[in-house]
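Student: So that we are looking at the same thing, I have put the structure below in structure tokens.
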């Protein structure tokens, strides 16, 4: 068993999402941090906070700058994060007298949080496309089902007659609601972090709001009226939305696993997993994965609620917990959407009415 299943060389074939995973590599994180630092230099020069010549020197240096990852890793054991060491490396690379203007008036949390949302934004774009595709697949199944009858079951026992379309519509509605809610979730979570040492932008004085607006424009990020250093509701809400998506897909997976049982044969799937001991079996692997990911993401999302307890002006413990949990939530959501699309592509309605 691996510590991390989503990028494990073996389990990634079952649980991995290469497209989303590219946004959670070391290279992607450092690139986003350097994007922040370049944008900060440009914004502060535009606002007259640092000289234009200093900004040009910083930009020229950072364009070819390659951080020493080994040194950053070692420093994180001491500092609890990599930004202090990263800033030292950048300042060592920028020539005098301009190095003093690197990272001016900013703080580690500005860099880390903004670098995170810069990488989360394309993940949400991916989710939107995949979720829309899943909705269309279910809509097509609903249409194909027509008035075909089905035995309704409550508490897994026979109840009263329903239609296939009734059950399938219950798959569809939560997904449509989640798709409609994504814009709100994005607005609450994908936004600039610019608060300085304790959220007051104290080193910028009255120029703080102008610098924040300029920085947001440089990074194409909304600028909130107030920093969110201790307000983690946006990211917790994103995790909750992801748990909703995986939960809705888990419902589909659970239903399909039950409906494809040999004794019921209410659905057929054209693809499945084999058994090492029983060659006749076709296991509902994709459906099972959806159930597992739903349960996993619900657990991690609950952990994200603890991150809301962000004491005083910054919490090292809550912040670290967020780093442990949120990437797992995003990875699970991406994988669930991939597996759902493949599973729904393989679903076939039976030609005979099941008994």
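Values in this text are rule-based calculations from the coordinates and carry no lab data. Everything numeric here is computed off the predicted structure, so don't read it as measured data. All Cβ positions, even for glycine, are placed from backbone atoms using ideal geometry, and neighbour counts span all protein chains on display.
Student: Compute the Rg to Rh ratio over segment 48-98 from the alpha carbon atoms, using the Kirkwood formula for Rh, and round to two decimal places.
Tutor: Computed over Cα atoms, the ratio is 1.06.
Student: Could you please rank 47, 123, placing first whichever residue has the fewest other Cβ atoms within 10 Å of its Cβ?
Tutor: Final ranking by Cβ density, sparse to dense: 47, 123.
Student: Checking the a/c ratio against 1.5 first, then a/b against b/c, what shape does the Cα gyration tensor give for segment 5-100?
Tutor: Cα axes put segment 5-100 in the prolate bin.
Student: Please work out the C-alpha center-to-center distance from segment 168-207 to segment 26-42 and express it in whole Å.
Tutor: Between the Cα centre of segment 168-207 and that of segment 26-42, the gap is 20 Å.
Student: Given the options 138, 111, 26, which has the most mean-square fluctuation in a GNM of the chain, springs set between C-alpha atoms less than 10 angstrom apart?
Tutor: 26
Student: For each of 126, 58, count neighbouring Cβ atoms within 10 Å of the residue's Cβ, then give the residues from fewest to most.
Tutor: 126, 58
Student: Tell me the label-point distance for the pair residue 198, residue 263, using the 7 Å Cα-to-Cβ offset, in nm and rounded to one decimal.
Tutor: Distance between the two pseudo-spin positions: 6.7 nm.
Student: Among 155, 148, what is the fewest-to-most ranking by other Cβ atoms within 10 Å?
Tutor: 155, 148
Student: For the residue pair residue 53 and residue 217, what label-to-label distance in nm results when each label sits 7 Å from Cα along the Cα-to-beta-carbon direction?
Tutor: So the label points at residue 53 and residue 217 sit 2.5 nm apart.
Student: Among rounded, prolate and oblate, which fits segment 202-355 when a ≥ b ≥ c are the square roots of the eigenvalues of its C-alpha gyration tensor, a/c under 1.5 means rounded, and a/b larger than b/c means prolate?
Tutor: Prolate is the answer for segment 202-355, as a/c is 1.5 or above and a/b outweighs b/c.
Student: Let's test the formula: R0 of 25 Å, r as the Cβ-Cβ distance of residue 181 and residue 254. What FRET efficiency results, to the nearest 0.05?
Tutor: Approximately 0.65, to the nearest 0.05.
Student: Against the longest principal axis of the chain, how steep is helix 83-93, in degrees 0 to 90 to the nearest 10, with axes from Cα atoms?
Tutor: The angle comes out at about 50 degrees.
Student: Cα gyration tensor of segment 1-54, axes a ≥ b ≥ c as square roots of the eigenvalues: rounded (a/c below 1.5), prolate (a/b > b/c) or oblate?
Tutor: In terms of gyration-tensor shape, prolate.
Student: How large is the direction-averaged shadow of the alpha-carbon convex hull of the chain, in nm²?
Tutor: So the Cα hull casts an average projection of 20.7 nm².
Student: Kirkwood Rh and Cα-based Rg: tell me the resulting Rg over Rh for segment 88-198, rounded to two decimals.
Tutor: That ratio equals 1.35.
Student: In deg cm²/dmol, rounded to 500, what helix-only [θ] at 222 nm does the chain give when every DSSP H run of at least 4 residues adds -39500 (n - 2.57) and the total is split over its residues?
Tutor: -21000 deg cm²/dmol, from helical runs alone.
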